[in-house]
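Coordinate-derived values only; no laboratory data. Model, not experiment: these values are computed from the prediction. Quick reminder, even Gly has a Cβ in these numbers, built from the backbone with ideal geometry, and neighbours come from all protein chains shown.
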Amino acid sequence: MLWSDPENKPPKELRDMQAMMRRAGFVLALAMVLAMFVLGVH
């Protein structure tokens, strides 16, 4: 009963945005590490 009600779920747009932000943050962190590695090598 606690979290099974559909109205307790965030809207689809919000969940999509959160997933997109998480993916963008992951890609950004990966790019940062890659840039640091490249700068360190050269």
**Request:** Would you please give the FRET efficiency between V41 and A19, computed as 1/(1 + (r/R0)^6) with r the Cβ-Cβ distance and R0 = 30 Å, to the nearest 0.05?
**Result:** 0.35
**Item:** Whole-Hz ³J(HN,Hα) from phi, Karplus 6.51 cos²θ - 1.76 cosθ + 1.60, for the stretch 11-24, glycine and proline x
**Value:** x, 4, 4, 5, 5, 5, 5, 4, 5, 5, 5, 5, 5, 5
